[in-house]
Amino acid sequence: MQIQQKSQGINFDKHAIFEENIDQKQRAWIEVKGKALETNVRQLRSKLRKNCEFMAVVKADGYGHDAKLVSEYAIKGGASQLGVATLKEGIRLRSSGVKKPILILGNLYTKRDLTICLKNDLMPTISSIRECLICNNIGKYYKLKFALHLKVDTGMSRLGFSCNKFVQQFEKIKSFENISIEGIYSHLSSADEHNSLDPLSNTQLQKQKFQKLLKQINVDRDHNIKIHLANSAGMLLNKDFHFNMVRIGLSMYGYNPLTKIGKNLSLKPALFLKVKVAFIRIIDEGVGVSYGGKFVTSRKTKLAVLSIGYADGVPRNLSGKIKVIHDNQLYPQVGSITMDQMMVDITGSNRIKIGSTVVLLGSDGDKSISPIDWAKESNTIPWEILCSFKNRLPRVQVD
Ligand SMILES: Cc1ncc(COP(=O)(O)O)c(C=O)c1O
């Protein structure tokens, strides 16, 4: 018969009962270095064209780092605006006390959502006359000018007014009395590709299209309206992409999306993924490890079981392809990554014990592992690696 502890009438102390009493570093966690974000922003800003503003892109919970924390340090580093993807992300930042202008980079298309947007002092991205009209009507109702950014599609084929119709549509938009055009922008589709400086590359063609359009509607970068095109890669290509604002994500978090450009930068990763060793076992030669037993030991092997798995956001297709760091030493991960745990071969090491902390992403001594390394191994991009980390991993600030 099962005995339930509660039914035995024991009065456990509060420390045993509440979730908040669990040590944040009890299992696996993400450490975020606010200072690294701040210095990255400062460094990137020093490369900007004069009077060019820095919008910190903090969507997807600040690329998995914690949007509130990232915003705080990005602002300390000189970011003057913030970019989020959704209404909810924007509202969360406002309710956490962020005062800077916030642009919603995703699309809002209903009167209800656009009204909530206005009431939270957030700026929507507008891609059509229809959306403009809704904003104008809302502005009229509240007797104010609804601040927004217009987006034009120069080659991404995602959001934005079609370039070839925009000049004509802009005349109409200017006649709306209850909107305030705070920005005009576009988004680069391929800035991180190796040929982006080639005059015929998509990136250069998009820039030319954008410049032509701005000329046609008679808006230049000295205007009050924020003109922005560049993401991290675009910003690093050259100053022609800067206009009077850039929208920066990946490089602010410490990773250069370009392989050949920006080598003189010393960006510092702000995210460290760490995990505790939950168990250690020694197994014989010829024994299978993890689901499917696909990895078979070729010698007597000492395994450390780490408390992290694909349910935390470590891609399962990295099984057997990554290493972890402990005390300036690299150890290979072996066998399939499971939902909540993974195994590491620590044969020959007496340093790793149950309860030791190992680093999956970040650095320790002179060893470092980056989301860019993981992305290459799992055939994806570092952006996806960063955004995959789940809420199960506490974010712990470590400055
Ligand atoms: C519209 C827009 N601008 C800027 C960014 C920032 O891009 P990056 O992380 O490459 O700097 C993104 C990110 O996906 C985006 O969607």
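The values are calculated or read from the model by the stated rules, or taken from the named source; none is laboratory data. Everything numeric in this text was worked out from a predicted model, so none of it was measured. In this analysis, Cβ positions are derived from the backbone assuming ideal geometry, glycine residues included, and neighbour counts consider all displayed protein chains.
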**Report entry** Failed item, numbered, when C52 is tested on (1) surrounded by 23 or more Cβ atoms within 10 Å (Cβ to Cβ); (2) farther than 15 Å from Q397 by Cβ; (3) assigned by TED's automatic domain parsing to the domain that holds Y185
**Finding:** (1)
Requested in this report: Kindly list, by first and then second residue, each pair from a residue in the stretch 220-241 that is in the same structural domain as K151 (by TED's automatic domain parsing) to a residue that is assigned to a strand (DSSP E or B) and away from the ligand (no atom under 16 Å from the Cβ), limited to pairs with Cβ atoms under 8 Å and residues at least 6 apart or on different chains.
Outcome: I225/I181
Query raised in the report: Can you tell me which residues in the stretch 193-216 are touching a residue at least 40 places away in the same chain (Cβ under 8 Å) and assigned to a loop (DSSP other than H, G, I, E, B)?
Result: H194, S196, L197
Report task. Answer yes or no as to whether N224 is farther than 15 Å from H187 by Cβ and more than 16 Å from the ligand (Cβ to nearest atom). Result -> yes
Requested in this report: Could you please find all residues in the stretch 157-179 being assigned to a strand (DSSP E or B) and touching a helix residue (DSSP H, G or I) at 6+ places or on another chain (Cβ under 8 Å)?
Outcome: F161, I179
Query raised in the report: When residues of the stretch 45-61 are filtered for being assigned to a helix (DSSP H, G or I) and under 19 Å from M123 (Cβ atoms), how many remain?
Result: 2
**Report entry** Wholly enclosed strands (runs of 3 or more DSSP E) of the stretch 256-369 bearing at least 1 residues free of Cβ contacts under 8 Å to residues at least 24 places away in the same chain and in contact with a strand residue (DSSP E or B) (Cβ under 6 Å, 6 or more places away or on another chain)
**Finding:** 271-283, 329-334
**Report entry** Residue count, the stretch 239-288 (criterion: over 19 Å from D192 (Cα atoms), in contact with an Asp or Glu (Cβ under 7 Å, 6 or more places away or on another chain) and within 16 Å of the ligand (Cβ to nearest atom))
**Finding:** 1
Report summary line: Counting only residues that are in a loop (DSSP other than H, G, I, E, B), of a type outside the set (A, V, I, L, M, F, W, C) and in contact with a strand residue (DSSP E or B) (Cβ under 7 Å, 6 or more places away or on another chain), the stretch 227-252 contains a total of 3
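Table: residues versus (1) under 29 Å from the mean Cα position of the chain (by Cα); (2) within 16 Å of C52 (Cβ to Cβ); (3) away from the ligand (no atom under 14 Å from the Cβ); (4) modelled with pLDDT under 95.
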{"site": "R130", "(1), (2), (3), (4)": "no, no, yes, no"}
{"site": "F176", "(1), (2), (3), (4)": "no, no, yes, no"}
{"site": "S189", "(1), (2), (3), (4)": "yes, no, no, no"}
{"site": "D198", "(1), (2), (3), (4)": "yes, no, yes, yes"}
{"site": "Q206", "(1), (2), (3), (4)": "yes, no, no, no"}
{"site": "V219", "(1), (2), (3), (4)": "no, yes, yes, yes"}
{"site": "L237", "(1), (2), (3), (4)": "yes, yes, no, no"}
**Report entry** Matching option when the condition is surrounded by 16 or more Cβ atoms within 10 Å (Cβ to Cβ) and more than 16 Å from the ligand (Cβ to nearest atom), among D23, D66
**Finding:** D66
Requested in this report: Filter the stretch 255-278 for residues that are surrounded by fewer than 24 Cβ atoms within 10 Å (Cβ to Cβ) and under 18 Å from L82 (Cβ atoms) and give the result.
Outcome: none
